[in-house]
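Student: Provided herewith is a single structure, encoded as structure tokens, for subsequent inquiry.
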Amino acid sequence: MTATSPQTIQTVIVAPPSARSRGRSVGWWGIVVVIATEGTIFLGLLSTYFFLRASSPRWPPAGVAAPELPLISVFTVVLLASSLPIFWAEAGIARGQQGRLRAGLLVSFLLGAAFLGNQIYEYNHLEFGWTDHAYASIFWTTTGLHGLHVLGGLLISLVVQAKAWSGKLSAEHHESMQVFSLYWHFVDAVWIFVFSSLYLSPHLQ
Amino acid sequence: MATTEVRPAAEEPEHLEEIWEDDPGVPGFFSTIDHKRIGKRYIYTCFVFFAVGGIMALVMRLQLAGSEHTVLSPSAYNELFTVHGTTMIFLFNTPVLAGFGNYLLPMMIGTRDMAFPRLNAFSYWIFVLAGIFFYSSFLVDSAPDGGWFAYTPLTDKAYSAGLNLDFWGLGVAFVGISTTVGAVNFIVTTFKMRAPGMSLNRLPIYVWSMLVFSFMVIFAVPAVTLAAGLLELDRLFGTAFFVPKAGGSTLLYQHLFWFWGHPEVYILFVPAAGMISMIIPVFSRRPLAGYLWVAASLVAIGFISFGVWVHHMFATGMPALALSFFAAVSLIIAIPSGVQFFAWIATMWHGTVRFTTPMLFALGFLLVFLLGGITGVMVAVLPFDWQATDSYFIVAHLHYVLNGAVVFPIFAALYFWLPKITGRMLNERLGHTSFWTMFIGFNLAFFPMHILGFLGMPRRIYTYSSGLGWDALNLVVTLGSFAFGLGVLLTIINMAVSHFRGARAPDNPWEADTLEWATSSPPPDYNFEAVPVVASRHPLWDQQPLPVADSGPDDATRAFGPAGAHEHTTPITGGLRAAPETTMRIPEPTILPFVFAAGLAVFVVGLLAQALVVGVAGLALGMVGLAWWVWRIGEH
């Protein structure tokens with residue numbers, strides 16, 4: 001239990017790993033933890049939604065119709081579909097296929113942008129402003145925060161596309177694509193819960 | 001671990017310093033991403049906030065020393081108790097624990113920096129800018145005055161018209177970013193950067209505690225961000241979340257706030273307990289008793305602490321079933337705390353205790369934590385809580401746990417690790433004097449508050465009439481609080497004296513067992529020229545001499561040895577046994593974390609001033625920062 005003797009040091013050659021044992025990257029773990037905390041924010045907003053609903057005599061409040069479903073249902077499919085080309089692109093770059101990577105990212109980007117466009121359209125046609133009542137506040141805030149996440153995801157997609165086109169991604173090394181793909185799937189998955197809660201559940205009386 | 005060889009130590013690697021050192025002067029100050037410099041800065045900044053918050057408490061105690069004093073106006077008193085509480089929770093306790101984690105955790109697990117060094121710098125700048133933002137409220141005479149938990153409807157725009165509460169709401173949401181990204185960093189660093197051989201069952205208990213701390217932060221902080229964020233939407237933009245006449249709910253605010261607020265108590269306690277579990281064994285000259293039980297207790301506290309928040313709301317008229325559930329969980333959480341307590345006692349029982357200053361603070365912690373824990377069990381009992389709630393009994397309880405059970409460990413940690421951080425010892429005699437002054441002052445200040453609570457003194461009153469039987473006890477409380485303040489001052493003097501005249505600290509002055517003590521005092525910029533190879537829970541006790549790894553030929557093992565240090569890299573390991581995986585290049589110093597933190601601060605100020613342009617500019621900067629980060633993700 002004394003200080004290390006300064007005269008000698010014992011060195012160890014650490015055995016290198018077998019090819020199969022390589023774990024997830026630091027960036028992958030980072031985005032997983034970020035997704036956990038972001039997901040908790042959405043969980044909090046949806047809990048807020050149902051808390052407000054439970055403490056209101058009528059939901060939506062008198063004079064407000066339950067959200068219309070046809071258009072948003074279509075764009076829900078559009079948003080969820082935008083995950084598929086990401087799977088396809090990621091599998092492609094894992095085999096070194098740059099074309100699949102670029103095409104998949106582009107298609108996914110267009111689908112995501114279409115979803116966001118519809119959301120802006122819907123905001124312009126909502127019959128209530130977010131200060132009208134608590135129902136309006138939580139509706140705007142939840143969909144708005146999700147929309148910001150879509151916007152952020154599109155921005156990241158642009159950067160990853162720029163990297164894809166400048167040839168920075170390879171079969172062995174495409175960590176930013178892995179990070180983006182996880183994040184994008186997360187944004188899509190959250191929408192399933194937002195859609196079910198904010199759009200579908202008011203129709204269940 | 002195929003081969004070992006014993007060979008003479010290499011010459012002192014001076015050119016390594018050149019590879020790792022920061023830019024000199026002011027640019028270096030803003031561009032550093034060294035976890036040790038950031039950790040040190042965290043700790044020192046936090047102590048400034050601790051001193052300011054403490055002075056506020058002393059001014060309040062002057063006001064309350066006797067009946068009907070006029071040191072403070074009622075509104076000034078409201079501002080002081082609000083800012084005191086907010087400072088101690090958000091700007092001292094939480095960040096100082098993150099600061100120690102920043103400094104210690106990478107060295108304890110045998111790596112050269114954190115997993116995201118730039119994010120680490122970003123986290124510090126957010127914290128300090130949030131603190132400055134919060135305190136700038138005094139400059140425009142609008143200090144927050146709605147209590148540290150800022151309950152609605154009092155804090156709605158209708159009843160608190162000024163900017164006061166906006167400084168609180170925006171500041172709290174802002175500083176939450178710092179805590180969260182810090183937690184992300186701790187988790188990934190612990191998962192991916194442990195020295196080879198440091199399996200989970202060899203992880204120092206302090207690292208376990210920081211891991212639990214971080215996971216709790218990840219799942220709890222979003223709730224307070226929502227509480228403060230939705231409050232600010234209500235206040236700034238007129239939404240109706242907490243406005244009952246428009247369908248909102250004031251109770252909702254309390255749920256959101258305490259869903260963070262109660263885990264937060266354990267977010268503070270868990271790393272503090274982790275520090276104690278490092279210090280007591282070293283000064284008992286034996287390993288911690290029940291390592292597995294202590295680690296499991298920390299994890300259990302992490303889980304259970306998410307099921308107790310309603311015990312802050314027992315008096316809000318909720319259904320009996322809900323109250324019973326939360327009361328039961330609040331009792332159950334005492335069990336893992338008790339397990340640790342007995343582990344500490346058993347360690348000392350079977351050891352040979354040395355009464356150094358860090359050990360004294362650890363022992364002081366045991367006593368005040370015992371008392372805070374007992375009153376905690378008391379207020380978990382519903383009928384008792386209904387009597388005691390909002391009285392000075394609660395003030396006493398929360399100070400025993402948040403000041404006693406967190407600040408005493410922080411001081412123990414300061415005396416324990418400061419020689420490693422600064423390379424100079426602290427004066428033991430002054431340390432002992434400081435401890436006894438703080439310990440006696442603490443109990444004189446806070447124990448009588450229990451009795452004042454029983455005598456009916458409510459919390460948050462700016463004065464009281466004589467003849468209620470409160471005068472004498474309040475005077476004792478005031479004297480005790482000044483004694484406590486004097487004790488803190490003695491430690492600050494001790495730190496200052498040590499800085500200039502302290503004896504040189506040896507590498508391992510306490511003959512401790514963990515890897516941070518294998519470095520020089522203070523440690524070199526690169527921490528370890530060659531990364532240690534761990535084969536024990538107590539490497540410096542069991543592995544003599546401590547073996548270090550050599551650089552292998554491939555990407556997975558290249559960073560272990562001196563070659564890795566020369567290339568400004570650190571190894572990435574993984575799996576339960578920390579097997580080698582790849583090499584991480586540590587980024588060069590950069591001012592961008594500071595720039596983006598400043599951009600976010602501009603955004604927050606824009607919200608405060610409701611200046612759309614400023615806000616949008618800040619948000620745009622944030623977006624650019626995000627894009628830049630994704631662009632720079634190293635594809636390797």
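Student: Would you be able to say whether some residue in the range B:160-174 is closer than 30 Å to residue A:33 by Cβ and either polar (S, T, N, Q) or out of contact with any Ser or Thr (no Cβ under 9 Å at 6 or more places or on another chain) (or both)?
Tutor: yes
Student: Within the range B:599-610, does at least one residue satisfy the condition of being part of a helix (DSSP H, G or I) and surrounded by fewer than 17 Cβ atoms within 10 Å (Cβ to Cβ)?
Tutor: Looking for residues that are part of a helix (DSSP H, G or I) and surrounded by fewer than 17 Cβ atoms within 10 Å (Cβ to Cβ), one finds at least one in the range B:599-610, hence yes.
Student: Quick one: in the range A:151-177, which of the residues that are in contact with a Gly (Cβ under 9 Å, 6 or more places away or on another chain) and part of a loop (DSSP other than H, G, I, E, B) is nearest to the other protein chains (Cβ to nearest Cβ)?
Tutor: Only one residue fits best here, namely A:173.
Student: Just checking, which of B:256, B:292 is at pLDDT 95 or above, out of contact with any strand residue (DSSP E or B) (no Cβ under 7 Å at 6 or more places or on another chain) and within 9 Å of chain A (Cβ to nearest Cβ)?
Tutor: B:256
Student: Regarding residue A:137, is this residue facing chain B (nearest Cβ under 10 Å), of a type in the set (S, T, N, Q) and without any contact (Cβ under 8 Å) to a residue 60 or more places away in the chain?
Tutor: yes
Student: Could you run through the range B:170-194 and say how many residues are within 10 Å of chain A (Cβ to nearest Cβ) and of a type in the set (A, V, I, L, M, F, W, C)?
Tutor: Selection size over the range B:170-194: 8.
Table: residues versus (1) of a type outside the set (Asp, Glu); (2) within 20 Å of residue A:88 (Cα to Cα); (3) buried (at least 17 other Cβ atoms within 10 Å of the Cβ); (4) in contact with a strand residue (DSSP E or B) (Cβ under 6 Å, 6 or more places away or on another chain).
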residue: A:121; (1), (2), (3), (4): yes, no, no, no
residue: A:124; (1), (2), (3), (4): yes, no, no, no
residue: A:164; (1), (2), (3), (4): yes, yes, yes, no
residue: A:175; (1), (2), (3), (4): no, yes, yes, no
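Student: Only one of these is buried (at least 18 other Cβ atoms within 10 Å of the Cβ), over 17 Å from the mean Cα position of the chain (by Cα) and farther than 30 Å from residue B:191 by Cα: B:112, B:61. Name it.
Tutor: B:61
Student: Scan the range A:17-39 and tell me whether some residue there is farther than 26 Å from residue B:183 by Cβ, at pLDDT 95 or above and in a helix (DSSP H, G or I).
Tutor: Within the range A:17-39 (the criterion being farther than 26 Å from residue B:183 by Cβ, at pLDDT 95 or above and in a helix (DSSP H, G or I)), the answer is no, since none of the residues qualifies.
Student: Taking residue A:47 as the residue in question, decide whether it is touching a residue at least 40 places away in the same chain (Cβ under 8 Å) and either farther than 28 Å from residue B:584 by Cβ or of a type in the set (Ser, Thr, Tyr) (or both).
Tutor: When the stated conditions are applied, residue A:47 does not pass them.
Student: Please pick out the residue among B:462, B:526 that is at negative phi, over 26 Å from the mean Cα position of the chain (by Cα) and among the hydroxyl-bearing types (Ser, Thr, Tyr).
Tutor: B:462
Student: Would you check which residues across the range B:522-537 are within 11 Å of chain A (Cβ to nearest Cβ), touching a residue at least 60 places away in the same chain (Cβ under 8 Å) and surrounded by 19 or more Cβ atoms within 10 Å (Cβ to Cβ) and list them?
Tutor: B:529, B:531, B:532, B:533, B:534
Student: Give the residues of the range B:232-243 that are at the interface with another protein chain (Cβ under 9 Å from one of its Cβ atoms), part of a helix (DSSP H, G or I) and in contact (Cβ under 8 Å) with a residue 40 or more places away in the chain, sorted by residue number.
Tutor: B:234, the sole residue that qualifies.
Student: Next question, about the same structure. Counting just the residues of the range A:43-67 that are under 23 Å from residue A:149 (Cα atoms) and either more than 9 Å from chain B (Cβ to nearest Cβ) or touching a strand residue (DSSP E or B) at 6+ places or on another chain (Cβ under 9 Å) (or both), which one comes out surrounded by the fewest Cβ atoms within 10 Å (Cβ to Cβ)?
Tutor: Among them, the one singled out is A:50.
Student: Name the residues in the range B:405-449 that are of a type in the set (Val, Ile, Thr) and buried (at least 23 other Cβ atoms within 10 Å of the Cβ), would you?
Tutor: B:406, B:407, B:410
The values are calculated or read from the model by the stated rules, or taken from the named source; none is laboratory data. Computed from a prediction, not measured in an experiment: that's the story for all the values here. Backbone-built Cβ (ideal geometry, glycine too); neighbour counts: all protein chains shown.
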